[in-house]
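J.: Sending over a structure as structure tokens; questions will come in a sec.
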Amino acid sequence: MKKIKILIVEDEPDISEAIEYRLGKEGYATAISPDGEEALELVKTGLPDLVIL
């Protein structure tokens, strides 16, 4: 089964790390971006299945 890719866009490191930790425990592949500009670059390199803003 394909792992669902989730991009987390959050400028507060504590919040983004907590979300990443929980989603990782549930088996999701995650990436974190601290701002919209970097998020757009990440989307260009590999389209995520879900973006959390």
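J.: Mind listing the phi-derived Karplus ³J(HN,Hα) values for region 30-38, rounded to whole Hz, using 6.51, -1.76 and 1.60 with θ = phi - 60°, and x for any glycine or proline?
T.: 10, 9, 10, 10, x, 7, x, 4, 5
J.: Right, another one. How compact and how long is the chain, expressed as Rg and Dmax of its alpha-carbon atoms in Å?
T.: Cα only, the chain: 10.5, 32 Å (Rg, Dmax).
J.: A further question on this structure: When only C-alpha pairs under 8 Å and at least 6 residues apart count, what is the relative contact order of the chain, in percent? The partial results should precede the final answer.
T.: Working: 72 pairs, mean separation 27.5, N = 53.
Normalised by residue count, the contact order of the chain is 52 percent.
Quick note: the coordinates plus some simple rules give every number you see, no bench work behind them. Bear in mind that the values here come from a model prediction, so they are computed numbers and not experimental data.
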